[in-house]
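A.B. asks: Take a look at this one; I'll ask things after.
The numbers here are math on the coordinates, done by the rules we state, and not lab data. Just so it is clear, the structure is predicted and the values come from calculations on it, not from any experiment. Every residue, glycine as well, gets a Cβ built from its backbone with ideal geometry; the counts of neighbours run over all protein chains shown.
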Amino acid sequence: MNLHPVRAIYMAEMARTRRTLLQSIVSPVISTSLYFVVFGAAIGSRISEVNGVSYGAFIVPGLIMLMLLTQSVSNASFGIFFPKFSGSIYELLSAPISHLEIVIGYVGAAASKSILLGLIILATSGLFVPLEIAHPFWMLTFLVLTAVTFSLLGFIIGIWADGFDRLQLVPLLVITPLTFLGGSFYSIDMLPPFWQTITLANPVVYLVSGFRWSFYGISDVSLAASVGMIALFLAACLVAIGWIFRTGYRLKP
C-alpha cells in the first residue's frame, strides 16, 4: 500500500476541518454543553443517581456517543460526496490509487475528527460534573472502533446519496433517534419489561452500554455483547464498501 495518496487525502480532509472550525468543532461542543444545562438542571434535579452514579455523570458517555455517531457519519459522508458532486471523483478513481487507500484516507480523516471531538467533549464534561474512567483502555477502544465503524457507514451514505438533502437523512432520522432511544440519558432497567425487550433490538444500546461500562463499570448489556455488536457492524460496513467498489455502485456525480 502506498501511503502518499492516503496522506494526501487525509491532509486535505483535515485541512477542510481547520477551515470550518466553528462548524466542525465549536458547534458540537456548544450543543453538548446545552444538553448538560437542560438535562442536568431539569432532569438531574429529579433523578439524583442512576445505578449509584450521579445523573450528570451518567449521561456523559451517552452525550459523547451521540456526537461521535452523528459527526462520524456526517464527516465521512460529505467527504466522499463532494468529489461525486463536483465530478472530481473520476480523477480519483482513474489515479493510481487503490480502493483501500481511498477508504483509509477518507474514513481515517473522518474518524480522526470524531475522536478529537469526542475527547474535547469529554474534557468539556469535566467542567460540569466530576468524571472517572474505570477502564481507560476500553474507553479508547470503544471510542476508536465506534468512530471508525460509523465513518465507514458515512462513507457508504456519501456514495449512496444523490443530493445534499440525503446526506442528512440518515443522521437526522435514524442515527439521532436510535441514540436518544438507546439509553443515552437513562438506563434501560428503568423501563417496563416489554420496552426493555424492544430496546434491546436497538444496536446503539450496545455501543452506549459498553462505552458507559468503561467509565463506571455499569452497563445494561454484557461487555461481550457490546464488543460483538460493534464488530458485527464493522464487518458489515467493510463488506458493503467492498461490494460498492467491486460493482461501481453510484460512483459518479
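A.B. asks: Using the Cα centre of the chain as the reference point, and only Cβ charges (+1 on K/R, -1 on D/E), how large is the resulting charge dipole? Debye, rounded to the nearest 20. Walk me through the numbers on the way to the answer.
C.D. replies: Working: 12 positive and 9 negative charges, 120 e Å.
With only Lys, Arg, Asp and Glu charged at Cβ, the dipole is about 580 debye.
A.B. asks: Name the shape class, rounded, prolate or oblate, that the alpha-carbon gyration tensor gives for segment 64-193, where a ≥ b ≥ c are the square roots of its eigenvalues, rounded holds for a/c under 1.5, and otherwise prolate holds if a/b is larger than b/c and oblate otherwise.
C.D. replies: Verdict is prolate for segment 64-193.
A.B. asks: Filter the chain for me: DSSP H helices, axial length by Cα at least 18 angstrom, mean Kyte-Doolittle hydropathy not below 1.0. List them by residue number.
C.D. replies: In the chain, the long hydrophobic H runs are 60-86, 99-125, 136-160, 223-247.
A.B. asks: Additional query: Mind computing the radius of gyration and Dmax over the alpha-carbon atoms of the chain? Å is fine for both.
C.D. replies: 18.7, 60
A.B. asks: Can you find, among 83, 47, 193, the residue sitting farthest towards the positive end of the charge dipole of segment 3-247, where Lys and Arg contribute +1 and Asp and Glu -1 at Cβ?
C.D. replies: 83
A.B. asks: If you don't mind, there's one more thing I want to ask. Hey, what did the chain get for relative contact order, percent, Cα under 8 Å, at least 6 apart?
C.D. replies: So the answer I get is 28 percent.
A.B. asks: I've got another one for you. What are the radius of gyration and Dmax of segment 1-138, computed over its Cα atoms and given in Å?
C.D. replies: For segment 1-138, the Cα-based Rg and Dmax read 18.7, 60 Å.
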